[in-house]
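The values are calculated or read from the model by the stated rules, or taken from the named source; none is laboratory data. Just so it is clear, the structure is predicted and the values come from calculations on it, not from any experiment. Every residue, glycine as well, gets a Cβ built from its backbone with ideal geometry; the counts of neighbours run over all protein chains shown.
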């Protein structure tokens with residue numbers, strides 16, 4: 001009887017898939033920055049990837065997918081999706097615009113890949129949902145928020161404010177600038193090989209996930225680590241001087257400096273180690 005029940009459920013699942021069709025395509029646009037030094041991207045149900053390059057214009061590739069009950073009308077709907085540019089002084093805003101969604105369409109997603117002038121864009125703001133975010137080879141302040149998506153930042157420097165839910169955050173060869181920085185997720189791990197300035201307040205926080213943190217050996221400042229239902233583990237940080245500790249927290253002094261870094265998680269370990277990557281030295285900063 002139980003086998004018959006699962007067979008019926010499986011057949012219903014297969015039949016539901018059979019009634020769903022999909023259409024997919026992409027388009028490319030190019031934009032001049034004009035007077036803009038800041039970029040804002042607004043979309044939903046899709047990933048966003050931003051990479052710095054040496055050209056003096058911005059190139060965008062948008063890939064859309066439309067799913068619905070029948071093939072009729074899906075392609076036409078998808079081809080009406082637009083990315084609308086708007087220049088307002090120093091800001092270039094790119095917004096994904098969707099036509100009115102008829103009842104036979106079940107879902108629509110748009111993924112964006114951008115190549116932006118690395119030396120001319122000073123700030124990037126991204127808003128999306130149900131999609132991952134990626135930032136590569138940039139020298140810009142990053143202010144990004146997503147839901148249900150992973151965030152990856154690699155070979156970047158700038159003021160950093162990142163937030164997502166139900167996604168891990170990967171920071172690799174990232175140099176924090178400015179006096180404040182914030183990286184927050186829920187239900188995801190944080191992996192960070194990063195550098196901080198000698199002054200300012202910075203936060204790495206997750207819930208239901210571990211934090212793996214690597215810092216240059218010459219990092220200056222105070223590091224406070226706190227976890228619930230987890231351990232704090234330190235691997236080869238000879239400059240770390242214990243200031244205070246308790247059941248769920250540990251506070252360390254790393255050389256001098258007025259930088260204060262908080263690392264928080266629940267239901268996960270915090271692992272602290274020394275970075276093998278090349279960062280500018282403390283003397284250079």
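Quick check on residue 225: is it assigned by TED's automatic domain parsing to the domain that holds residue 196, under 23 Å from the mean Cα position of the chain (by Cα) and assigned to a strand (DSSP E or B)? Yes, satisfied.
Apart from one condition, residue 89 fits all of (1) modelled with pLDDT under 95; (2) under 18 Å from the mean Cα position of the chain (by Cα); (3) farther than 30 Å from residue 22 by Cα; the exception is (2). Residue 166 falls short on exactly one of the conditions (1) more than 12 Å from residue 49 (Cα to Cα); (2) assigned to a strand (DSSP E or B), and that condition is (2).
Quick grid of which residues meet (1) under 27 Å from residue 99 (Cβ atoms); (2) out of contact with any strand residue (DSSP E or B) (no Cβ under 7 Å at 6 or more places or on another chain):
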| position | (1), (2) |
| --- | --- |
| 113 | yes, no |
| 119 | no, yes |
| 123 | no, no |
| 128 | yes, no |
| 136 | no, no |
| 142 | no, no |
| 145 | yes, no |
| 155 | no, no |
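Report, by residue number, each residue of the range 19-31 that is more than 20 Å from residue 96 (Cβ to Cβ) and surrounded by fewer than 15 Cβ atoms within 10 Å (Cβ to Cβ).
Listed by number, the residues that qualify are 19, 20.
Residue 187 satisfies every condition listed in (1) more than 30 Å from residue 139 (Cβ to Cβ); (2) assigned to a loop (DSSP other than H, G, I, E, B); (3) in contact (Cβ under 8 Å) with a residue 40 or more places away in the chain except (3). Tell me, yes or no, whether the range 112-121 has at least one residue that is in a strand (DSSP E or B), free of Cβ contacts under 8 Å to residues at least 60 places away in the same chain and farther than 26 Å from residue 22 by Cα. No. Among the residues of the range 132-151, at least one is at pLDDT 95 or above, outside the structural domain of residue 213 (by TED's automatic domain parsing) and on the phi > 0 side of the Ramachandran plot.
So is residue 277 over 20 Å from residue 191 (Cα atoms) and surrounded by fewer than 16 Cβ atoms within 10 Å (Cβ to Cβ) or not?
No.
Whether any residue in the range 261-268 is in contact (Cβ under 8 Å) with a residue 24 or more places away in the chain, over 22 Å from the mean Cα position of the chain (by Cα) and within 12 Å of residue 219 (Cβ to Cβ) is what I want to check. Within the range 261-268 (the criterion being in contact (Cβ under 8 Å) with a residue 24 or more places away in the chain, over 22 Å from the mean Cα position of the chain (by Cα) and within 12 Å of residue 219 (Cβ to Cβ)), the answer is no, since none of the residues qualifies. Candidates 246, 258, 230, 178: the one that is assigned by TED's automatic domain parsing to the domain that holds residue 158, within 27 Å of residue 146 (Cα to Cα), surrounded by fewer than 21 Cβ atoms within 10 Å (Cβ to Cβ) and at pLDDT below 95 is 230.
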